[in-house]
Amino acid sequence: MINDLSIQHPAGRPACAEPKPPRQFTALKIARAAAPVFAIASGKGGVGKTNVVANLALLLARSEKRVLAIDADLGLANLDLFLGVKPQATLADFFTGEKTLDEIIVRNPDGILLLPGGSGIQEITALRQEQKIALLTELDALSHEMDFVLVDTGSGISDAVTYFTSSSQQIVVVVTPEPTSMTDAYALIKVLASTHHQKRFWILPNNVSDEIEARRLFDTLSGTALRFLNASLDLLAWIPRDPQLLRAVARSRPVVAENAEAPSAMAFVRLARRLNEIAAAGMKINGNPQFFLRRWLQSGSEA
C-alpha cells in the first residue's frame, strides 16, 4: 500500500536527475490483474476533462473501488483542487529523481489516490527514454493494487498528451458542441490513430442540450474518423448542460458531492456504471501485467 502521504517538498532539486528505483512489490500484489486504465483526453482545453475525472473518481470510490487518479496535465494541473488535497510533491519531483511515486501520491478524504501533476513542468520531450520507462514501470506495478486508473491528460496533441494517452487501455475523448472543440478533437484522434496506432476511441459529449445533440455530435466525428482514419469511435455517454454543474465547478467541487440530484450528477452516475461494464468485459481480454509500458511501446512511440 501507499506508505508516506505527508512528505515535505525538498528545498532544491537537480535539473534532470535519474528517477529513484521503483519500489519492490510482493508476489501477492503482482499476482493481481492490472486495473483498467482510462485516459480522459480532449483536443482543446476548457471542455471539462478534470471535472469528468473528479466526478468519476468520487463515484467509483464510493462504490468501494480502489481508484488512482493521475493528473497528467503537466502545465495546468488542478485535479488536486477538485479532490480536496494539497500535494507537497508532484510528478516534477519524480522526473528529477527526488521522489518515488509512493512519496508523491496523496490520499483524499474519500480514499482516492492522486498522483499530482504540477504547473511549469518541462515538456515530456525534455525527458530521456529511461525516465519515461521508469514512470510507466512504476505505474504498471501500482496498477495491480487498483481497481481503476483514471488519467487526466493535458489538452491538445503535445508529446505529453500522446505519451500518457498511448499508454492507456481505454481512450475517452471529451468534446463539446463548439466547432473548435470538434475540430481539435478530430485532430487529436488523427494523431493518435496515424502516429501512435490507436484505432478505438470512446467519445464523451459534454455540455450538450440533450441526447439528440450528443448523438449528432458523435455521428459527425465518427463518420469523419471512419472515412479518413479507419478508426472506430463509440459513444460512451453524455453529460447535459447544467447550471448546477457550473456552480460546482466554480467552487472546484464535483457536482456529485454538491447535488446528487442534479441532471449532470445523474449523468455521471450512468457514466460510472458504464466504466464498470467496460472494465468487467475488458479485463477478461486485456488484464496482463506491464500494461502501461507494453501499450506505450506497442504504440510505436519514440518519445
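The values are calculated or read from the model by the stated rules, or taken from the named source; none is laboratory data. None of the values given here were measured: they were computed from a predicted structure. Neighbour counts run over all protein chains shown; Cβ positions are idealised from the backbone, glycine included. Ligands, DNA and RNA are excluded from the accessible area calculation, which covers all protein heavy atoms including side chains. Shrake-Rupley method; radii C 1.70, N 1.55, O 1.52, S 1.80 Å.
Would you check if there is a residue in region 42-61 being open to solvent by 40 Å² or more (accessible area, probe 1.4 Å) and at pLDDT 90 or above? Within region 42-61, not a single residue is open to solvent by 40 Å² or more (accessible area, probe 1.4 Å) and at pLDDT 90 or above. Note on region 167-202: residues that are part of a helix (DSSP H, G or I) and open to solvent by less than 10 Å² (accessible area, probe 1.4 Å) total 6. In region 161-176, the count of residues that are out of contact with any His (no Cβ under 7 Å at 6 or more places or on another chain) and farther than 27 Å from residue 117 by Cα is zero. If I filter region 148-164 for residues that are among the aromatic types (Phe, Trp, Tyr), open to solvent by less than 20 Å² (accessible area, probe 1.4 Å) and not in a helix (DSSP H, G or I), do I get at least one hit? Within region 148-164, one or more residues are among the aromatic types (Phe, Trp, Tyr), open to solvent by less than 20 Å² (accessible area, probe 1.4 Å) and not in a helix (DSSP H, G or I).
Within region 73-103, restricting attention to residues that are among the β-branched types (Val, Ile, Thr) and over 25 Å from residue 63 (Cα atoms), which residue is modelled with the lowest pLDDT? Before you say what the answer is, go through the steps one by one.
Looking only at region 73-103, we keep the residues that are among the β-branched types (Val, Ile, Thr), and these are 85, 90, 96, 100.
Add one more test, that the residue is over 25 Å from residue 63 (Cα atoms), and what stays is 90, 96, 100.
On the way: 90: 88, 96: 79, 100: 86.
Residue satisfying both the conditions and the ranking: 96.
Quick check: is even one residue across region 218-238 assigned to a strand (DSSP E or B), in contact (Cβ under 8 Å) with a residue 12 or more places away in the chain, surrounded by fewer than 20 Cβ atoms within 10 Å (Cβ to Cβ) and acidic (Asp, Glu)? Yes.
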